[in-house]
Amino acid sequence: MTTRVKIIKASPGSLVFDVNKFVLPLANIHLERAANFTVQEMQDQITASIQRPGSTGNLANSIFSERISDKSIGVGKISFLDENAKYWKAINYGSSHMVGRRMPFGTFAPGLATPDAGSFRTGRFYAGQSQGGSMYSPVVKRPIQAHNYIERTQAQLPNIVERAMK
């Protein structure tokens, strides 16, 4: 959707719009809508790519929008994600860099606290917590496949902007 604005010299009796009173408030309404739609799209992309049972939804719930200035809104505050969903990068970009490294001590639950190779997808890993069994530190053998939820959300931005302008 394209809007054209033509600026002309005002003559007596002509109608003049004050940009600060008309255009900027409307632009802010569309910006807020686009931010809200973007948050929802990213949360949907994250939720759609969940593979392990018993997901808490923490990563999706950690995505929110935040006013950065009077003309911009950010989606997904990295410092918040680094503190509250530390695995966000591994889920989005994959974790091939972790192959051969040890994970922190913890246990899997539900299922076997120390699962065999065929049982890893039947539970969640709880780092630093014992879930009724002995704690162990597994070596990463296969990387987390990149889910690319950021990139998939970016691909939807033209549709998001169009929806926000309606």
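Computed from phi, the 3J(HN,Hα) profile of region 25-30 under the Karplus parametrisation 6.51, -1.76, 1.60 (θ = phi - 60°) reads x, 5, 4, 5, 4, 5 Hz, with x in place of Gly and Pro.
Cross-link list Lys86/Lys141; Lys89/Lys166; Lys21/Lys166; Lys71/Lys166: which exceed 31 angstrom alpha carbon to alpha carbon?
Beyond 31 Å between Cα atoms: Lys89/Lys166.
For Phe64, the residues whose amide H sits under 5 Å from its own are Gly76, Lys77, ignoring neighbours fewer than 5 places away on the same chain, with H placed 1.01 Å from N.
All of the numbers you see were taken from the coordinates with simple rules; none came from a lab. Bear in mind that the values here come from a model prediction, so they are computed numbers and not experimental data.
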